[in-house]
Each structure stands twice: as C-alpha cells, then as structure tokens.
Amino acid sequence: MPFKKFQYLPKQIFLKFFIQQTLVIVVSILLLSFFSHIFLANGLKHAQTAAEIEYAYSAAFLFLIISSCFIVSIVSLWMGLKLVWPLGRILVKARSILKNEYTSMQNAVIEPENNDDEWQDLESTLHSINKDIRNKERSLSREREEIETLVSGTTQAVVAVESNGDIMFFNSQFALIFEIPQSGAKRLSDIIRDQIILKTFRHTLEFGSPNTEQISIQTNTDHSQAIYNLSTSPLKNDEGKIYGVIGMFYDITELKRTEQVRIDFVANVSHELRTPLTSIKGYAQTLREDLQNNIDALKLLSPIEKNTDRLIALVNDLLSLSSLESGSELNKQSVRLLELSQRVLGNFQNQISAKKHKVTLNCQSDVLFADRSKIEQVLTNLLENAIKYIPEGGTIQIDWIHEGNQTILKIRDNGPGIPKEQHTRIFERFFRVDSARNREQGGTGLGLAIVKHIVLRHGGKISVNSELGNGTEFICEFPESTS
Ligand code: ADP
C-alpha cells in the first residue's frame, strides 16, 4: 500500500528540500533568462546579416545552456551536501555507539545538533539509544560483579556447566574440593569421575527440573571422606531453553556427624533402659502373684505396671526409630498382604471386641515386595491409633489397592479427626493433637513418625485426609519394586 508508506516520509526534510530546490531553480532560470536576453540584445545590435543574427542567437542559446548547466550543478552540489551532511554525522555517531557496545564505554556523551527537522529527531533517538545502552551495560556489569562476589564469597562449592558438558565457571571452594588439572579442565567429566554427580547434572539438563542428591566425596585437601548435598538447577535463556546447569555442593559432614551422635545416643540410652525396665516388669508380675489377697498393695502395683509398660513401649519405639534413621538394611521379600493384615487384625481382636468396633478389610492387591516386619509395624501403628482414638462402636476400613505401579494402603476411621492445620505436624516425633487426652490413652507420640520413616525408606509417601469431627484416613503409597 503506497499510501501507508507515506507515513514514513520525513515530511519536514522533504518540504525543505523541495521548496529550496524550486526557489533556487526558479530564481536561477529568471536571472539566466534576463542575462541571456541582454546578451542576445547586445549581439543583435551589431548584427547586419542573417548569418550574424543566427550567430547572435546561437551565442545567446549557448550562454543559456552553459550557465544553466553550471548553476544546476552548483545548486545540486549545495543541496546534495546540505541533505547528506547531517546523515554523515549521524552515521559516525551510530558507528561509535556500535563500537562502544563491544569496547569499553570510554566515549563522551553524543549530544544532538541543534536542528529542528527529522535529522534532529534521528540524532536525539540515537542519543537516547546510546544512553540506554550505556545504562544497561553499567547495570549489567554491576549485576555481574555482585554475582561474582556472591559466588566466590559463598562457603558452598559452585560450578556451572554448558549443555554440552563444558565448564562455564567454578568458584574457589569448588577448586578446593576437586582436583583441577594443571592444564585447566574444559569439561566437568575431566574433573569429576563420580557417576552419581554426573548423573545428577545430566538429569537436570535432560528434564529441566532441579535435583538434589546426597553424595560422599574424598576431599582434595586432606583426603578425608566428606558428605555433600548436591543441588542442581537448570539455566534457561529468555525463551525458556536450557543452556546449562548450575550445581551447588553444601557440606553436610558436620551436620551428619552430630545427627549420628544423636541417633547413637538415643539408641544407647534406650538399650540401657530396656534391661532395668524388663526387670521391673518381671518383679511387678511376681509381686502381683504373691500379693493376690492384698487389695491395697495390688492398687499400688497397678500404676507401677502401667507406667512400666508405657516406658517399655517408648523405649521400643525409640529403638525402632533409631534403627530406621541409622539406615539399617531393609529385609525385602514378597509380603502376602491379606495374610499379614489378617494376622495384625487378629492381634487386636480383644481391643476391637472390647470397644465394639466394626472393622472391614478389603485386599485388592496380593503381594508387596517390602520388609515384612516393617509393613506389619505400619499396619499395627495405624490400626492401633484408629482403635484407640475412635469412640466405642466405630468403623474402621482397611484397603490395599493397586494403582498404576503403586500399592496403596488406606486406613479410614470415623473417629474424632485431626484439624487441618495440624496435618503437617502430625508425623513429627511426640506431636499429639490433644496431648493430655492422648497420653491417657497410653500413646508414645512416636507411632506416626515410625510409620512415615518406614514408608519413606521403601521409597513411598504418606498423607492424611482428615477434618475435625469427620474421621481420619491415612494413605501410604508404596512404589512397585523388585529389589
Ligand atoms: P500416639 O502414640 O500418641 O498415638 P502417634 O504418632 O501414633 O502417637 O499419633 C500422633 C497423634 O496423632 C496422636 O496423639 C493423635 O492425637 C493423632 N492421631 C493419630 N491417629 C489418629 C486417628 N486415627 N484419629 C485421630 N487422631 C489420631
């Protein structure tokens, strides 16, 4: 559309050029015509013959032609120079701006010339672009400096690699942990041989998702074994395309050591407590047999037995937790779920009958490859809670279902429920929804923490669906595994 293009026409320059050109040419033609006329009149004054007249006309015509050519050339030269002069200046400025983009910003500020047409517009636009670029460059280099200071000052080891595995940068901490070859390493695999680390980087690069892995490395400094938490995150460009991965190594050796000290301490104390407690329980039982007719003495004996049982249960739970936390091996085997569930239900038959609960078992999944005693403990703890916390005549539904590549255990009851805001805390050790009431029920406060640990050790996850007054449902998802 030619009319549409008209909007791009620099009207002021065009009008200025057109008026100046027309004026100069018209004035020049008028002047030349006037001089040619005088020239011709002068020639004709002395002409006698026809040949002399013709010569006078030819001379006047020649004068007109030569002077016209001369004037038109001068005018064109002047107009041309006037037109392109500012363009040359703008070109020089544009080139200098371009150069400044690639070299240091040593330039002086380019101020526009004081014209009032589109050339000035162009110059001021160029001037603003120049200012903008310089501001952006300044803030970019400031940001870069801040990031570099942050990365080099951090206590974590940091390394960034490109999508082809080439190293972009690493900080001094990284160089302290890993041996950097004298020749300077180009690729991450030149420095790190550990397959878990390389796999973590590759995984983030492939799937674009952050990844965390716990790794054990022999340090470069004193060759001691250190434990690190490696977190990898993808580096994406403006279009969201992954161009690299940044990896951070957090040293958790000290944390792990203190954690192990704590686990060992709890395990040792529990072990030490178990023997005297079993002995107290034994003596209490003997006393009960000997004091059968002494009602007053039996009344005093009851709380001793009750509290000893509670302490034994607590010590046993603490030992179970310690063994789970210390990462003891799971003894995985094919567990027949129906048989196991019926056995656990059988263990609670007395409590179920005493509280007149209705329990239904629905087993749609046959076998789970897992640690049998641990799965039994999961079922025991969840069922024990349901029996304990729902009022008399309640209903409990146990479901084993198979969904996708998961075996799911659901235990639902119509008990008092758990307030939503406490769902995140319910799996913490010693957390009780109503501490006074629950202690009365004889709970140790460790049952759900043990269940959660067992499910996590099997690579699964646990969740709770519950509302105050609307019953509780615990869901344990176990991934299908054969090893
Ligand atoms: P406890 O030994 O006290 O039962 P748990 O770790 O097994 O400890 O449970 C933690 C708390 O969660 C309990 O004290 C109880 O308040 C709440 N809870 C667990 N299961 C249920 C349930 N089925 N219904 C209502 N509350 C429950």
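Tally Lys/Arg at +1 and Asp/Glu at -1 over every other residue whose Cβ is under 13 Å from the Cβ of residue 152; what's the total?
Charge balance near residue 152 sits at -2.
If I model a spin label at residue 149 and residue 423 as a point 7 Å from the Cα along the Cα→Cβ vector, what separation in nanometres do I get?
For the pair residue 149/residue 423, the computed spacing is 4.5 nm.
Give me the distance in nm between label points sitting 7 Å out from Cα along the Cα-to-Cβ direction at residue 257 and residue 304, one decimal.
The modelled label-to-label distance comes out at 4.6 nm.
Exposed loop GluC sites (Glu not before Pro) only (DSSP loop, at most 16 other Cβ atoms within 10 Å): please give the longest stretch of the chain free of them, not including the sites.
On the way: sites that count: 113, 179, 239, 329, 392, 428, 467, 480.
Maximal segment without exposed cleavage sites: 1-112.
Viscosity 0.692 mPa s, temperature 37 °C: Stokes-Einstein D of the chain from its Kirkwood Cα radius, in µm² per second?
100 µm²/s
Net charge near residue 285: determine it from the other residues with C-beta under 14 Å of the C-beta of residue 285, scoring Lys and Arg +1 and Asp and Glu -1.
-1
Go ahead and run the numbers for FRET between residue 59 and residue 26, Cβ-Cβ distance against an R0 of 35 Å, rounding to 0.05.
Working: r = 25 Å, r/R0 = 0.71.
Approximately 0.90, to the nearest 0.05.
Expressed in nm to one decimal, what extension gain is obtained for the pair residue 350 and residue 264 from 0.36 nm per residue of sequence separation less their Cα-Cα distance?
27.3 nm
For residue 415, what residues show an amide H to amide H distance below 5 Å, using hydrogens built from the backbone and excluding near sequence neighbours?
Distant-sequence amide H within range of residue 415: 471, 472.
Could you work out [θ]222 nm for the chain from helices alone, using -39500 (n - 2.57) per DSSP H run of at least four and dividing by all its residues? Round to the nearest 500 deg cm²/dmol.
Values: 14 runs with 273 residues, N = 483.
Using -39500 (n - 2.57) per qualifying helix, the result is -19500 deg cm²/dmol.
Give the lysines whose C-alpha is closer than 17 Å to that of residue 355, dropping any in the same chain fewer than 8 places away, or say none.
Hits, sequence-local ones excluded: 388.
So what's the stretch 332-479 giving for Cα Rg divided by 2.2 N^0.38 Å, two decimals?
0.99
With a Förster radius of 45 Å, plug the Cβ-Cβ distance of residue 325 and residue 129 into 1/(1 + (r/R0)^6) and report the FRET value to the nearest 0.05.
It comes to 0.10.
Would you be so kind as to identify which of 269, 351, 320 lies farthest towards the positive end of the dipole of the stretch 256-368, taking Lys and Arg as +1 and Asp and Glu as -1 on Cβ and the Cα centre as origin?
Ranked along the dipole, the leading option is 351.
When the Karplus curve 6.51 cos²θ - 1.76 cosθ + 1.60 is applied with θ = phi - 60°, which whole-Hz ³J(HN,Hα) does each residue of the stretch 20-26 get, with x for Gly and Pro?
4, 4, 4, 4, 4, 5, 5
With only Lys, Arg, Asp and Glu charged, each at its Cβ (+1 for the first two, -1 for the last two), find how big the charge dipole of the chain is about the Cα centre; round to the nearest 20 debye.
Details: 52 positive and 56 negative charges, 113 e Å.
It works out to roughly 540 debye.
If you wrap a convex hull around the C-alpha atoms of the stretch 154-251 and split its volume per residue, what is the figure in Å³?
Dividing the Cα hull volume of the stretch 154-251 by its residues yields 92 Å³.
More than 17 Å apart: what percent of Cα pairs in the stretch 311-384 qualify?
I get 54 percent for the Cα pairs in the stretch 311-384 exceeding 17 Å.
Report, by chain and number, residues whose modeled amide H sits under 5 Å from the one on residue 169, excluding near sequence neighbours (fewer than 5 apart, same chain).
Answer set, sorted by chain and number: 160.
At a Förster distance of 30 Å, what's the computed FRET efficiency of residue 41 paired with residue 72, Cβ-Cβ distance as r, to 0.05?
Numbers: r = 24 Å, r/R0 = 0.81.
That gives a FRET efficiency of 0.80.
Give the cross-link partners of residue 186 among the aspartates and glutamates, using a straight C-alpha distance below 12 Å as the criterion and excluding same-chain residues fewer than 8 apart.
162, 166
Provide the per-residue ³J(HN,Hα) series for the stretch 338-346, in order, calculated from phi with Karplus coefficients 6.51, -1.76, 1.60 and θ = phi - 60°, each as a whole number of Hz, with x at glycine and proline positions.
3J(HN,Hα) across the stretch 338-346, in whole Hz: 5, 4, 4, 5, 5, 5, 5, 4, x.
Straight-line reach from residue 11: which lysines fall under 17 Å, measuring Cα to Cα and dropping same-chain residues less than 8 apart?
Within the straight-line limit of under 17 Å, residue 11 reaches these lysines: 82.
Karplus couplings for the stretch 189-200 from phi (6.51 cos²θ - 1.76 cosθ + 1.60, θ = phi - 60°), rounded to Hz, Gly and Pro as x?
Result, rounded to whole Hz: 5, 6, 9, 10, 9, 4, 5, 5, 5, 4, 5, 5.
Can you give me the relative contact order of the stretch 257-325 as a percent, contacts being Cα pairs under 8 Å and 6 or more apart?
Averaging sequence separation for qualifying contacts and normalising by length gives 54 percent for the stretch 257-325.
Where Lys and Arg each count +1 and Asp and Glu each count -1, what net charge lies around residue 450 among other residues with Cβ under 14 Å from its Cβ?
Net of charged neighbours comes to -2.
Which of the three applies to the stretch 361-430, rounded, prolate or oblate, going by the alpha-carbon gyration tensor with a ≥ b ≥ c and a/c under 1.5 meaning rounded? Kindly include the intermediate steps, with their values, before the conclusion.
On the way: a/c = 1.79, a/b = 1.46, b/c = 1.23.
In terms of gyration-tensor shape, prolate.
Values in this text are rule-based calculations from the coordinates and carry no lab data. Since this is a predicted model, take the numbers as computed values, not measurements. Neighbour counts are summed over all protein chains in view; Cβ atoms, including those assigned to glycine, are modelled from backbone coordinates with ideal geometry.
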